[in-house]
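The values are calculated or read from the model by the stated rules, or taken from the named source; none is laboratory data. Just so it is clear, the model here is predicted, and its values are computed rather than measured. Counting neighbours? That spans all protein chains shown, and the Cβs are built from the backbone with ideal geometry, glycine included. Areas reflect the complete protein model, heavy atoms only, side chains present, ligands, DNA and RNA absent. Shrake-Rupley method; radii C 1.70, N 1.55, O 1.52, S 1.80 Å.
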Amino acid sequence: IVIRVYNEQKNEEYEMLTNKKGIATLKNIEAGNYAWNVWALDDLGGWFPHIADSINISTGGVQYIPFVRGVKIVGKVYLQRDKNSPDADKKLDLSRIKITCQNSKTYTTITDNEGNFEIFVPAGKYTITMDEKILGTKFKLLQNNIEIQVDDKYSNIFIPFHIIEKPKKLKIVKPE
């Protein structure tokens, strides 16, 4: 786990890496309030640090950093093809579509070939977005920038994204 403690007014910054037992030591730091961030270098399987934005460092003492289980957001990208399209029966690959879950921090994932995705996030208010740039001019996303409130009382939340193929203009010619 990486722990970053900083005070921008004093232009002080300290960064520590915990050992195998999860212990990091910071010595000879002036007492006071410091902003801090905590993040893992490895995937913790949906576990996140549950800390305030700042820490009061006084003389000596131990500061524990609790980790909480995040909420799993699962979803699917659905694609509705235009039934008049000559290749309407061909299945499109929905893999590698970027899904972003954002508040003050950004969490991203990509879809599998069926359009399914999953991502763990800590409790909070988020905007979930699908990357629309991949659609081009033939397709349209019905709803994007979905706002949700993630509470840790839920184990998972389902979010769908619906894409429709824009209808083709048909020219019907009557035989003479």
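Scanning the stretch 93-104 for residues that are open to solvent by 50 Å² or more (accessible area, probe 1.4 Å) and more than 13 Å from the chain's Cα centre (by Cα) gives ASP93, ARG96. Pairing residues of the stretch 5-30 that are surrounded by 10 or more Cβ atoms within 10 Å (Cβ to Cβ) with residues that are among the hydrophobic types (A, V, I, L, M, F, W, C) and part of a loop (DSSP other than H, G, I, E, B), at Cβ distances under 7 Å and at least 6 apart in sequence or on separate chains, gives VAL5/LEU26; TYR14/LEU26; TYR14/ILE29; MET16/ALA24; MET16/LEU26; THR18/ILE1; THR18/ALA24; GLY22/ILE1. Here TYR107 fulfils each of the conditions (1) in contact (Cβ under 8 Å) with a residue 24 or more places away in the chain; (2) open to solvent by less than 60 Å² (accessible area, probe 1.4 Å); (3) assigned to a strand (DSSP E or B) apart from (1). The residues of the stretch 121-147 that are of a type in the set (Gly, Ala, Ser), open to solvent by 20 Å² or more (accessible area, probe 1.4 Å) and touching a residue at least 24 places away in the same chain (Cβ under 8 Å) amount to a single one, ALA123. ILE97 satisfies every condition listed in (1) at pLDDT below 95; (2) more than 30 Å from ILE51 (Cα to Cα); (3) touching a Ser or Thr at 6+ places or on another chain (Cβ under 6 Å) except (1). Restricted to the stretch 160-173, and to residues that are in a loop (DSSP other than H, G, I, E, B) and either β-branched (Val, Ile, Thr) or modelled with pLDDT of 80 or more (or both), which residue is farthest from ILE134 (Cα to Cα)? Checked the stretch 160-173; the qualifying residue farthest from ILE134 (Cα to Cα) is VAL173. Candidates in the stretch 148-165 are the residues that are farther than 30 Å from VAL68 by Cβ and out of contact with any Lys or Arg (no Cβ under 6 Å at 6 or more places or on another chain); of these, the one that is surrounded by the fewest Cβ atoms within 10 Å (Cβ to Cβ) is HIS162.
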